[in-house]
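The next block holds one structure in the form of structure tokens; read it before the comments.
Every number here is computed from the coordinates shown, using simple stated rules; none is lab data. The structure presented is a predicted model; accordingly, all values stated were derived computationally and were not measured. In this analysis, Cβ positions are derived from the backbone assuming ideal geometry, glycine residues included, and neighbour counts consider all displayed protein chains.
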Amino acid sequence: MSEGEKIQFNGNLALLRVCAIVYIVNVLNFVFNMSFMAGHGGFFSSLWSALTNSSFEDLLATVGLLIVSGIGLPVLLGVLAVVALLALGIFALVKKSVKALKILAVLFLIWVVLCAFAMNPISGLLGNEMREVNLAQSFISLIFNVNVVVAVAAFFVASKKHDESGAAAAEEPFNLGLFRLCAIFFIVSGLNSLAHFVCTQSPLFQFAFFGVVNLAVGVFALAKENPAVLIAGSLMMFVKILLNWLNFIRISGLDPYMVGSLVSHAVFNTSTVIAIAVFFIKPEWVKSCLQKMKG
């Protein structure tokens, strides 16, 4: 970090960057998912076709119809909200603004709650068993939510331990704030997978296996303050992503829309960001290990 950066920013810069990037990739993931929905089936497909293939007069008629039907205003507000969240995340990342990051964290927590219960309005249309599963999934998604961990971590970016002199940073053998975020992420991710496996009676034992692995990695790393364990867990996370791809392709084939959606979900995902961030907890040690492997 340069002298100018030390004066302008007083906190854990790596933690700020990871939190901001998590917010940005979640917004991008939402945008990409909506784009794939627009190009593949249902109302969004018809709307996308109308916007891309119609004449200017037809477009005006479509916009007028959306306004009259009452759909236009919610869509416009949704677009503005997404743009505002993305802009706020980029601003926090570029300007190293802790205040912007905290505002975004609060909005992100609201988003998490809304997403967790977004499917509840249709619960009444389901059978009793499916309704219980839906409610269980909603509570699991809210309680054991990795995005909540990141949102809470945003309030610990500015720490008294990180002064302008950098004395505290020199005393720590690694980035303790980022380490704790990653370790707690693994614990919550493991609990999420295990809760889904137990409460929803999922037939996918992959939930149980990786749930146990993530939980063990997070607890051991946090107890022993061992970043190397988190790196091993991060590699396992990449293995999980690869297995998900292979399993999905085996079941659904190579549908370009679905494969594109799967890839975007894996790339623009909180787990992917954290799995990469793990290697920056102790960057000099990682570099030395890579150099030894090359040599």
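If I model a spin label at residue 232 and residue 219 as a point 7 Å from the Cα along the Cα→Cβ vector, what separation in nanometres do I get?
1.5 nm
Would you mind counting up the charge near residue 286? Only other residues with Cβ under 15 Å from its Cβ, with Lys and Arg at +1 and Asp and Glu at -1. Don't skip to the answer; put the middle values down first.
Numbers: positive: 282, 287, 292, 294; negative: 284.
Spelling it out: positives minus negatives among the neighbours equals +3.
First check a/c for segment 191-289, with a ≥ b ≥ c the square roots of the eigenvalues of its C-alpha gyration tensor; if it is under 1.5, answer rounded, and if not, answer prolate when a/b is larger than b/c or oblate otherwise. If you can, show how the numbers build up before the last one.
Details: a/c = 2.80, a/b = 1.40, b/c = 2.00.
In terms of gyration-tensor shape, oblate.
List, in order, the whole-Hz ³J(HN,Hα) value for each residue of segment 17-27 obtained from phi through the Karplus relation with A = 6.51, B = -1.76, C = 1.60 and θ = phi - 60°; use x for Gly and Pro.
5, 5, 4, 5, 5, 4, 4, 5, 5, 5, 5
At 7 Å along the Cα-to-beta-carbon direction for both residue 109 and residue 288, put a label point, then send me their distance in nm to one decimal.
The two pseudo-label positions are separated by 4.0 nm.
Using each residue's phi in segment 190-199, evaluate 6.51 cos²θ - 1.76 cosθ + 1.60 at θ = phi - 60° and report the 3J(HN,Hα) Karplus result to the nearest Hz, with x for Gly and Pro.
x, 5, 4, 5, 5, 5, 4, 5, 7, 6
Which entries of 102/282; 95/282; 96/294; 240/287; 96/240; 96/282 have Cα-Cα distances beyond 30 Å here?
Beyond 30 Å between Cα atoms: 96/294; 96/240.
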